[in-house]
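> Got a structure for you, questions after.
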Amino acid sequence: MPTLRRATVDDAPVLSDLARRTFIETFDHLYPPEDLAAFLDEAYDVDRQRVILAHPDYAVWLLEDDGVAIGHAAAGPCGLPHPDVQPGDGELKRLYVLQSHQGGGWGGRMFKAALDWLERDGPRPLWIGVWSENFGAQRFYARAGFEHVGDYEFPVGRVRDHEFILRRLPPR
C-alpha cells in the first residue's frame, strides 16, 4: 500500500531521479533528445532539488510503495506569467505518478495534500500550469474548481509548449 510523506532535503537525489523519470514517461515523445536532456539536466538537477526542498516557501511530497518513490507533488509561491498573480498566491508546481501506479486515487491524494498545504493559512488564489493537450489533467483540475484564465509558452530546449494557466479563486 503506497504511503505519502513530505520530502526532506535528504530526498533530493530520489526526487531528482523520480522527476526525470515521470517527465520522460509523460512527455519524451514531444522533444528532440538533446533538448529533453538539457531540460532535464537543468530542471531536475539534484542541487536544484535540494534548494527547493530546503526553502520554507515550498513543499514537496513523495508517494512511496515499499520505500520506492512512485509519485511526487510540489507546491509553492505562484510563478506563472499572468497579470493577476499577486504576492501570496500559491501554485501547484508538479503532480506526477508513474504510469505503473496510476488509477488508484493517489494523484488525488497528493493533490489534496498540496492544496491543503497551500491553504494552511486560509483560502487564497491558487494557480496551475498545464500542457494544453493534457486533457485528463485539465478535467481533473476543472473538477477541483480550476478555470482556464491564460496561456503561456513553456520552453524545453528549442520547443515551446503551449501551456494553459488555470486558477481557482477562494470563495467570497
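The values are calculated or read from the model by the stated rules, or taken from the named source; none is laboratory data. This is a predicted model, so every value here is computed, not measured. We place every Cβ from the backbone using ideal geometry, glycine too, and count neighbours over all the protein chains shown. For accessibility, only protein heavy atoms count, side chains too; no ligands or nucleic acids. Shrake-Rupley method; radii C 1.70, N 1.55, O 1.52, S 1.80 Å.
> Around residue 64, with a cut-off of 15 angstrom between Cβ atoms, what is the net charge of the other residues, counting Lys and Arg +1 and Asp and Glu -1?
-1
> Would you mind counting up the charge near residue 168? Only other residues with Cβ under 12 Å from its Cβ, with Lys and Arg at +1 and Asp and Glu at -1.
Summing Lys and Arg as +1 and Asp and Glu as -1 gives -1.
> Can you check what the net charge comes to around residue 108, using other residues whose Cβ is under 13 Å from the Cβ of residue 108 (Lys, Arg +1; Asp, Glu -1)?
+3
> Oh, and also: Looking at the chain, I'd like the Rg to Rh ratio, where Rg is from alpha-carbon atoms and Rh is Kirkwood's inverse mean 1/r.
That ratio equals 0.94.
> Probe radius 1.4 Å, ligands and nucleic acids left out: which of 109, 143 has the largest accessible area, and how do the rest follow?
143, 109
> So, R0 is 45 Å and r is the distance between the beta-carbons of residue 82 and residue 3; what FRET efficiency does that work out to, to 0.05?
Result of the calculation: an efficiency of 0.85.
> Now for a different question. Please work out how much length the chain gains when fully extended from residue 41 to residue 160, using 0.36 nm per residue of separation minus the C-alpha to C-alpha distance, in nm with one decimal.
Going from the current span to full extension adds 41.1 nm.
> Could you state how much accessible area residue 112 has, in square angstrom rounded to the nearest 10, with a 1.4 Å probe and all protein chains kept in place?
That residue has around 120 Å² of solvent-accessible surface.
> Between segment 42-76 and segment 95-165, how many Å separate their Cα centres?
Each part's Cα centre sits 16 Å from the other's.
> If DNA, RNA and ligands are ignored and the probe is 1.4 Å, what is the ranking of 58, 31 by accessible area, most exposed first?
I get 58, 31, largest accessible area first.
> Need one value: the accessible area of residue 131 in square angstrom, 1.4 angstrom probe, rounded to the nearest 10.
Taking all protein chains as shown, residue 131 has close to 40 Å².
> If you don't mind, there's one more thing I want to ask. For the residue pair residue 152 and residue 28, what label-to-label distance in nm results when each label sits 7 Å from Cα along the Cα-to-beta-carbon direction?
The modelled label-to-label distance comes out at 2.8 nm.
> Now, a different point. Not counting ligands, DNA or RNA, and with a 1.4 Å probe, what is residue 17's accessible surface area in Å² rounded to the nearest 10?
My reading of the accessible area for residue 17 is about 80 Å².
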